[in-house]
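Presented below is the structure to which this report refers.
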Amino acid sequence: MQKTNKGADTLIFLILFLLAVAFISPILIVLMNSFKGKFFISDTPFLLPNSETFSGLSNYTSGIAKTDFISAFGMSLFITVFSVAVIVLFTSMTAWYITRVKTKLNQLLYYIFVFSMIVPFQMVMFTMTKTANVLNLDNPVGIILIYLGFGSGLSVFLFSGFVKSIPIEIEEAVMIDGCNPAQSFFKVVLPILKPIAITVAILNVMWVWNDYLLPDLVIGSEYKTIPIAIQYLKGGYGSIDMGAMMAMLVLAIVPIVIFYLLCQKYIIEGVVAGAVKG
């Protein structure tokens, strides 16, 4: 039996505990301030609500009314669900093809996808906006294709690493049984890709759901997503209804936290397999 170093274990625990507190604290601060009157948030942002500062659900009701939150929630849900579905489907097929069909062109495509991960969005956002306008992609359906383009780099990289870990003999066996390449992918490969597919989905859901800049540039205020709607709580001369904003931030966080908690067991398995194997 190996002897454990209690001192090292305690140190690691303390470091991880402090990191957890550092990451969770901002969320807790937003949550408790969402139940305070807007005039008390600036004065006592780090104190729990009391009988004087507690405002009940008034921040939530006023925030929903001012931002048309229900409509913005539906728009964010539509864009996120279909964008992530398209990203997972097409990038998994792409990764499978360029991994299994070894040609110089496919190797070049793989490196192009990897290179796209390091290109800052600011370098292409103006030309992207103009292109989206010319191609009539400046609408909720068109932005899904744009998200596919920007999300393909990391997704193809993760899927490719995972595909390399799948024995090719499995695919050869089903093809001998009469399956064509499409049937082989959807009936055999795609189910095996479930852990990394869920990982890719989680990463992209968190990105698309919380994204402000791309929807603001492409579809603007005509089709408000939640981040855009929350920005409309800012009044003239820089005034902000902090109570309503805190409440809307909580409502925006809740769905993504629930989704993350339901799928978190697949994250480590998928990321490690996608980034290391092969």
**Request:** Could you tell me what percent of the accessible area of the chain is made up of carbon and sulfur, with a 1.4 Å probe and every protein chain present?
**Result:** 71
**Prompt:** Hey, what do the phi angles of the range 50-58 turn into as Karplus ³J(HN,Hα) couplings, whole Hz, using 6.51/-1.76/1.60 and θ = phi - 60°, x for Gly and Pro?
**Reply:** 10, 4, 7, 8, 5, 10, x, 9, 5
**Request:** Using only Cα atoms, tell me the angle between helix 242-263 and the longest principal axis of the chain; keep it within 0 to 90° and round to the nearest 10.
**Result:** 30
**Prompt:** Over all distinct Cα pairs, what is the inverse of the mean 1/r for the range 86-186, reported as the Kirkwood hydrodynamic radius in Å?
**Reply:** 15.3
**Message:** I'd like the accessible area for Met32, computed on protein heavy atoms only with a 1.4 Å probe and all protein chains in place. Round to 10 Å², please.
**Reply:** 30
**Item:** Longest DSSP-loop-exposure-free segment, GluC sites (Glu not before Pro), the chain, at most 12 other Cβ within 10 Å
**Value:** 53-221
**Complete:** Once amide hydrogens are built 1.01 Å from N within the peptide plane, the residues lying 5 or more places from Lys36 or on another chain with amide H under 5 Å from its amide H are Ser55
**Prompt:** Once a ≥ b ≥ c are taken as the square roots of the eigenvalues of the Cα gyration tensor of the range 6-110, is the result rounded (a/c under 1.5), prolate (a/b larger than b/c) or oblate (a/b not larger than b/c)?
**Reply:** oblate
**Asked** Can you give the charge dipole size of the chain about its Cα centre, rounded to the nearest 20 debye, using +1 on the beta carbon of Lys and Arg and -1 on the beta carbon of Asp and Glu?
**Response** 460
**Prompt:** Roughly how tilted is helix 104-116, in degrees to the nearest 10 and between 0 and 90, from the longest Cα axis of the chain?
**Reply:** 10
**Request:** With label points built 7 Å along Cα→Cβ from the Cα atoms of Phe54 and Leu19, find their separation and express it in nm.
**Result:** 3.7
**Request:** Select from the range 1-64 those trypsin sites (Lys or Arg not before Pro) which occupy a DSSP coil region and have at most 15 other Cβ atoms within 10 Å, ordered by residue number.
**Result:** Lys3
**Fill in**
Taking a ≥ b ≥ c as the square roots of the eigenvalues of the Cα gyration tensor, with a/c under 1.5 meaning rounded and otherwise prolate when a/b exceeds b/c and oblate if not, the range 1-54 is prolate
**Request:** Taking DSSP loops as anything outside H, G, I, E and B, show the longest stretch in the chain free of chymotrypsin sites (Phe, Trp or Tyr not before Pro) there with at most 15 other beta carbons within 10 Å.
**Result:** 47-211
**Asked** Any number yet on Rg/Rh for the range 122-258, C-alpha, Kirkwood?
**Response** 1.13
**Prompt:** Heavy-atom accessible area per residue, the chain, 1.4 Å probe: how many Å²?
**Reply:** 59
**Fill in**
The alpha-carbon center of the range 195-263 and that of the range 23-98 are separated, in whole Å, by 6
**Prompt:** Quick one: helix 121-134 against the long Cα principal axis of the chain, what's the angle to the nearest 10°, folded into 0 to 90?
**Reply:** 80
**Fill in**
GNM on the chain, Cα springs under 10 Å; top mean-square fluctuation among Leu190, Leu11, Leu108 goes to Leu11
**Prompt:** With a ≥ b ≥ c the root eigenvalues of the C-alpha gyration tensor of the chain, is it rounded (a/c under 1.5), prolate (a/b larger than b/c) or oblate?
**Reply:** oblate
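The values are calculated or read from the model by the stated rules, or taken from the named source; none is laboratory data. Because the structure is predicted, anything quoted here is derived from the model rather than measured. Every residue, glycine as well, gets a Cβ built from its backbone with ideal geometry; the counts of neighbours run over all protein chains shown. Heavy atoms of the whole protein, side chains included, go into the accessibility calculation; ligands, DNA and RNA do not. Shrake-Rupley method; radii C 1.70, N 1.55, O 1.52, S 1.80 Å.
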